[in-house]
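J.: Shown below is the structure under consideration.
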């Protein structure tokens, strides 16, 4: 039997040899061609420059290998303090973000389960896409010497003189939590949405109190999401420089600031490279720990829901869960005896997530009144009402050219990313790629490697290629950063396309091209537009690459805002922020609407 | 009357003047898993053939290979005398109705039906005429401008049908096309499909796991199990002369008894079971040997129940359960040997039965068959 099958296989092979050969090669040839642009872009403008910077840190002026730069870091307590402070602040930020993100993500995932479209989700997305610069400005309004908090304290007579609330570790952590919280929430939501809502119901029919059913059933299933949110927040916090620079004092400096200083003021590439190596080393270590516990593939949410491997099995975890369940059960049961208690239990579910979202959005909204201030300084309450700052902005050639440049770069970036990213997304979702996980990791890497390192590496490369200060340089730099978002979102729309529709078209006589043109592309069109908008917004808000790659007069909008903010945060800056905010809000709204329509 | 037609079809098949589709030892493996093993099958022009089997039996794989959506690991496929194993699906001149219809959600009903004609670059007037005709045939002339989402399940089903027939493909494949419909609508659509098949006379390969549907629609049924073809034949042949225990059980219900062949006569053979009871059965076309172990099978509706002292072949037992199913009543009888026997009788005749009474189960020797052990 076996033999018969084998010989008939061989016979068939021989007869249709040529055709089979072509078909065989098509299997790797087509995805290779589709992936090529992405590989070229990331290889040339991401892997090579980042690698180059790391290599620089390991050689001396003559090119001989040396560890001098690392010895210098280790021998200088100032640098060591900064490194430790970076890790400490990032870790605290991560912890606070996770605790604050969980109730919001839970709320959003529950809303999704009942089929209601969640407004909450939009209010998390909006700050996510609002630039960190704008969000940091808003904290200056709140925490500043003439800010909101001091105003309240003075009015209530709690203090007699304004307190110094900024330039300390607390203000930095507040700013960073505010900056990173949306990322934590958005990473958690898809994981929580995949948890079967019936599981908790099943637990309660089996006799579990609400506390127990949460801690014993729901929470363990959500741990992979908590871990990946923690990982992403931690590693992207490591490279922060905007928040500590504007909200922190000298003792709160982080590695990112140090790298900028080394490159921009001291032009010491080797030392900057060594600092970058530290960042990458810390990133890699956190990644390895994560991979050990959960497996890297759970990051992209591409595989099965809450896989069995992801179920946490740390020793002693059982005890913690047991303690948490009995404690929360006791609290819930005892509260239930009182009317107030019952009210508290139900209010917690609504008001805790709501107040966290208010914490996210309220500060940003404060920019609006400040931008209409008549005074020349940021203060609360602002002296209303004047449009002078908007007039100043619209009259300024500097702002207008910066805005123009940002729009052009944004459009070009979005176009490049859409083309390259869509091709890659097709290759990844539709073909079995040799080394698929490597390709996926490479594609996600620009999202994970601290932007500051990418930016420094590109700066070094562009300086050699004479691309510094050019639009092309900016577009290339931004494309590297925006590409992962485009690929991931196009991949997710492509997955929603029912392959049978394409099969139907093929059977009815459509070739590959016609199927793509009449069936696949129309079906994913709104997803493509949404991806385009995301790439545009990524570029429009981008500061880090712009900081290095744009020289002198040719700054983008965020670059111009940063330069101004370093001098003075003024109502004029608030006006610009509000304008930027308006553009981003409209685009996000459009993109959300489009993806909503796609789902229907 | 129905039998006559089926018999005529069989003659055509055996004569086989115009072979439409031929599968020659088609096999599909996914790694170590075998989805289809050595499937050999020929279908003649105009025939309605059903691939019937439980899920995972390989029927959808076979259909998908015929459509060109799956490439076989080995074996060959011939369409109208042309070797088509590696032909891309758009060159096969095949129509297909998908499991969940696969209507293009962004196109109107009319655009959906036009699609295959546009792909063939037909003239506008030709398209207009053919689409009108196809929509007419499925009674959807009024619905051309609607989007698929605005139609009911049954209407969507008919759009899918219109789209598959509008370009007059030489073969139409249907993959569980009625699976998503409720029982009443399914029966209605079965007769619609029969009507359309009679009208256009195209070869149809139909996939279903529903045995009633297969019997109602097919000229021939290809019964599949475990990635292999179990038996091919007219509904009549499959029902009354099942080749295997699986076939006997999948199409309708059957009762089984382990027996040993005793006497081989001209018209009947005599067998006995473990208790020494003797039964007569129809003589088999294939050779029987004395003392051979076989399985005697008899359909529940061929059995009769009598209180006691029945003549002819019978087994004794006790009524264990009675289920009234409308016109028929199903009686479960626990045999003295411990096995369970199912008997289906008209409800009118089963009125007097009660759980717990002793009965004889009898049958006509001509309705009992022997299966290979």
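The values are calculated or read from the model by the stated rules, or taken from the named source; none is laboratory data. From a predicted model like this one, the values you see are computed outputs, not experimental measurements. Cβ placement follows ideal geometry from the backbone for every residue including glycine, while neighbour counts extend to all protein chains displayed.
J.: Mind telling me which of the residues A:394, A:406 ends up being without any contact (Cβ under 8 Å) to a residue 24 or more places away in the chain and part of a helix (DSSP H, G or I)?
T.: After ruling out the rest, the residue left standing is A:394.
J.: Let me ask you something else. Have a look at B:64, B:57 and point out the one that is outside any helix (DSSP H, G or I), crowded, with 19+ Cβ neighbours inside 10 Å and more than 8 Å from every other protein chain (Cβ to nearest Cβ).
T.: Numbers: B:64 fails: outside any helix (DSSP H, G or I).
Being outside any helix (DSSP H, G or I), crowded, with 19+ Cβ neighbours inside 10 Å and more than 8 Å from every other protein chain (Cβ to nearest Cβ) holds for just one of B:64, B:57, which is B:57.
J.: Pick from the stretch A:558-583 the residues that are buried (at least 19 other Cβ atoms within 10 Å of the Cβ) and not in a helix (DSSP H, G or I): which of them is modelled with the highest pLDDT?
T.: Among residues in the stretch A:558-583 that are buried (at least 19 other Cβ atoms within 10 Å of the Cβ) and not in a helix (DSSP H, G or I), the one modelled with the highest pLDDT is A:570.
J.: Within the stretch A:539-554, identify whether any single residue is within 15 Å of residue A:400 (Cα to Cα) and surrounded by fewer than 23 Cβ atoms within 10 Å (Cβ to Cβ), and answer yes or no.
T.: Of all residues in the stretch A:539-554, those within 15 Å of residue A:400 (Cα to Cα) come to A:540, A:553-554.
Then keep just the ones that are surrounded by fewer than 23 Cβ atoms within 10 Å (Cβ to Cβ); that gives A:553-554.
There is at least one residue in the stretch A:539-554 that is within 15 Å of residue A:400 (Cα to Cα) and surrounded by fewer than 23 Cβ atoms within 10 Å (Cβ to Cβ).
J.: Right, here's the next one. Just checking, how many residues over the stretch A:372-381 are closer than 16 Å to residue A:139 by Cβ and crowded, with 20+ Cβ neighbours inside 10 Å?
T.: Result for the stretch A:372-381: 1.
J.: Exactly one of (1) part of a helix (DSSP H, G or I); (2) out of contact with any helix residue (DSSP H, G or I) (no Cβ under 6 Å at 6 or more places or on another chain); (3) crowded, with 17+ Cβ neighbours inside 10 Å is unmet by residue B:133. Its number?
T.: The one condition residue B:133 does not meet is (3).
J.: What do you reckon, is residue A:181 closer than 30 Å to residue A:292 by Cα, buried (at least 22 other Cβ atoms within 10 Å of the Cβ) and under 26 Å from the mean Cα position of the chain (by Cα)?
T.: yes
J.: Quick one: would you say residue B:118 is within 14 Å of chain A (Cβ to nearest Cβ), within 25 Å of residue A:523 (Cα to Cα) and touching a residue at least 40 places away in the same chain (Cβ under 8 Å)?
T.: Criteria not met by residue B:118.
J.: Looking only at the stretch B:130-139, decide whether some residue is over 28 Å from the mean Cα position of the chain (by Cα), under 27 Å from residue B:22 (Cα atoms) and at pLDDT 90 or above.
T.: no
J.: Check residue A:498 against each of (1) within 14 Å of chain B (Cβ to nearest Cβ); (2) under 28 Å from the mean Cα position of the chain (by Cα) and name the one condition it does not meet.
T.: Residue A:498 satisfies all of (1) within 14 Å of chain B (Cβ to nearest Cβ); (2) under 28 Å from the mean Cα position of the chain (by Cα) except (2).
J.: For residue B:110, are the conditions met, namely being in a strand (DSSP E or B), more than 8 Å from chain A (Cβ to nearest Cβ) and farther than 21 Å from residue B:213 by Cα?
T.: No; evaluated as a whole, the condition is false for this residue.
J.: Tally up the residues in the stretch B:18-39 that are assigned to a strand (DSSP E or B) and within 29 Å of residue B:202 (Cβ to Cβ), please. Reasoning before the result, please.
T.: Residues of the stretch B:18-39 assigned to a strand (DSSP E or B): B:19-30, B:33-39.
Filter again for within 29 Å of residue B:202 (Cβ to Cβ), leaving B:19-28, B:35-39.
Selection size over the stretch B:18-39: 15.
J.: Determine, yes or no, whether residue A:331 is part of a helix (DSSP H, G or I), more than 29 Å from residue A:214 (Cβ to Cβ) and not assigned by TED's automatic domain parsing to the domain that holds residue A:150.
T.: Taking the combined requirement at face value, the residue does not satisfy it.
J.: Which condition breaks for residue A:555 when tested against (1) assigned to a helix (DSSP H, G or I); (2) away from every other protein chain (no Cβ under 14 Å)?
T.: Result: residue A:555 fails condition (1) only.
J.: Shifting gears a bit: Could you tell me which of the residues B:156, B:150, B:128 is under 15 Å from residue B:108 (Cα atoms), free of Cβ contacts under 8 Å to residues at least 40 places away in the same chain and within 14 Å of another protein chain (Cβ to nearest Cβ)?
T.: Answer to the check: B:150.
J.: Same structure, new question: When the residues of the stretch B:73-87 are narrowed to those that are at the interface with chain A (Cβ under 8 Å from one of its Cβ atoms) and not in a strand (DSSP E or B), which ends up farthest from residue B:40 (Cα to Cα)?
T.: Ranking the qualifying residues of the stretch B:73-87, first place goes to B:86.
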